[in-house]
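Trainee: Got a structure for you, questions after.
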Amino acid sequence: MSYTLADATLPQLKAALNALTGILAKVKTHAEENSISSTTSSAGSSPRTCSPVLPSLHRLRRRRQVRRPLLRRRTPVYSRDDTNSFPAFEALIAQAKAAVEGADAALIAANADTEVPVNLGPDRKVNMAAKGYAEGYTLPNVYFHLMTTYSIARSKGVPLGKMDYLVPFIGKWVGM
């Protein structure tokens, strides 16, 4: 059995979304226990604390930026205006999870070598194979933004530990 691009990416995206779900739950609990408004954006814990990660997750599915090298699905474009409450964030994460769950592994494998345009800044566009995009751009961005979300939440006093980040990734391998 061969190891495909879908095998390398989809479980990682699922784990990242599960980690984000857990972090958001702790942010929400922290906000409730400390009487912090659920729409706080400048201080304390709020759904905005988690906002850095979703652009990377949704970037996978944005038609304008990438011609869907992985998921090839139509979904709404991410907007920070859509994330002003916990229910809105939970719905956005559920939407991203559904897209990853519904991804066609065979289609991802078939398109692994397809060239896709990637914006690397305002004046820099490159073409790269979808597998390079996934391994060198998408997954590192997802990890970066997930860790940033985790770090911001911790800096706001949300009681998070290393295992809150790691268990969604390693749990299935160690019986957790």
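The values are calculated or read from the model by the stated rules, or taken from the named source; none is laboratory data. Keep in mind that what you see is a predicted model, and the values were worked out from it rather than measured. Neighbour counts are summed over all protein chains in view; Cβ atoms, including those assigned to glycine, are modelled from backbone coordinates with ideal geometry.
Trainee: Within segment 17-42, restricting attention to residues that are of a type in the set (D, E, K, R) and over 13 Å from L160 (Cα atoms), which residue is modelled with the highest pLDDT?
Mentor: Of everything passing the filter in segment 17-42, E33 is modelled with the highest pLDDT.
Trainee: Exactly one condition in (1) within 29 Å of N34 (Cα to Cα); (2) surrounded by 19 or more Cβ atoms within 10 Å (Cβ to Cβ) is false for P159; which is it?
Mentor: So the condition that P159 fails would be (2).
Trainee: Considering only residues that are loosely packed, with under 14 Cβ neighbours inside 10 Å and out of contact with any Lys or Arg (no Cβ under 8 Å at 6 or more places or on another chain), look in segment 89-109 and name the one that is modelled with the lowest pLDDT.
Mentor: Out of the qualifying residues, it is A91.
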